[in-house]
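Some notes on the structure that comes next.
The values are calculated or read from the model by the stated rules, or taken from the named source; none is laboratory data. Not measured: the values here are computed from a predicted model. Reconstructed Cβ throughout: ideal geometry from the backbone, glycine too, with neighbour counts over all protein chains shown. Areas reflect the complete protein model, heavy atoms only, side chains present, ligands, DNA and RNA absent. Shrake-Rupley method; radii C 1.70, N 1.55, O 1.52, S 1.80 Å.
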Amino acid sequence: MKKDHPYHDESMYKGAPPDSFAKAKFLRDNMTDAEKSLWERLKDNKFKGFKFRRQHPIHIYIVDFYCHKLKLIIEIDGGYHDSKEQKLLDAERSEILKFQELEIIRFTNDEVLGHIEFVMRKIEEKIRF
């Protein structure tokens, strides 16, 4: 990926369309139990002093959690992500986000709700530099 490519965007929102912000607010107001659980660990710079945002617009997507400083996206996947069609859509989405030099880590709802310490260790492993 070249930073001088015309579709590469260094901003925090990566060219998100204006209507994404209202949708993101709706999603913040209606978070899943898994999202709420992880948010409790990430909000207010609680995790290693890094600022995470929830339901954050990036490009044409809204990601579950995003740390701009780390260029890290954290996604929590519900059961519908297991379908063949959704896996293809997720792969396409990941490629577009990776093009923006963003890293993505994914967890299932069950991992977050049942094994939060495992999830936090995996996130910590991703941010070590």
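Only one entry of Asp82, Asp90, Asp64, Asp77 meets the criterion of being within 23 Å of Asn30 (Cα to Cα) and at pLDDT 95 or above, and that entry is Asp64.
Table: residues versus (1) among the hydrophobic types (A, V, I, L, M, F, W, C); (2) surrounded by 13 or more Cβ atoms within 10 Å (Cβ to Cβ); (3) under 15 Å from the mean Cα position of the chain (by Cα).
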residue: Trp39; (1), (2), (3): yes, yes, yes
residue: Arg53; (1), (2), (3): no, yes, yes
residue: Pro57; (1), (2), (3): no, yes, yes
residue: His68; (1), (2), (3): no, yes, yes
residue: Glu111; (1), (2), (3): no, yes, no
residue: Glu117; (1), (2), (3): no, no, no
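Restricting attention to the stretch 1-23, the residues being surrounded by fewer than 11 Cβ atoms within 10 Å (Cβ to Cβ) and at pLDDT 80 or above number 3. If the condition is being in a loop (DSSP other than H, G, I, E, B) and either touching a residue at least 60 places away in the same chain (Cβ under 8 Å) or farther than 21 Å from Asp90 by Cβ (or both), then the stretch 31-61 contributes Thr32, Lys46, Phe47, Lys48, Gly49, Phe50, Lys51. State yes or no: is Ala34 surrounded by fewer than 16 Cβ atoms within 10 Å (Cβ to Cβ) and farther than 22 Å from Met12 by Cβ? No. For the residues Glu101, Glu75, Glu92, the requirement of being open to solvent by 40 Å² or more (accessible area, probe 1.4 Å) and more than 17 Å from Gly15 (Cα to Cα) singles out Glu92. Summed over the stretch 111-127, residues that are farther than 14 Å from Cys67 by Cβ and at pLDDT below 95 total 1.
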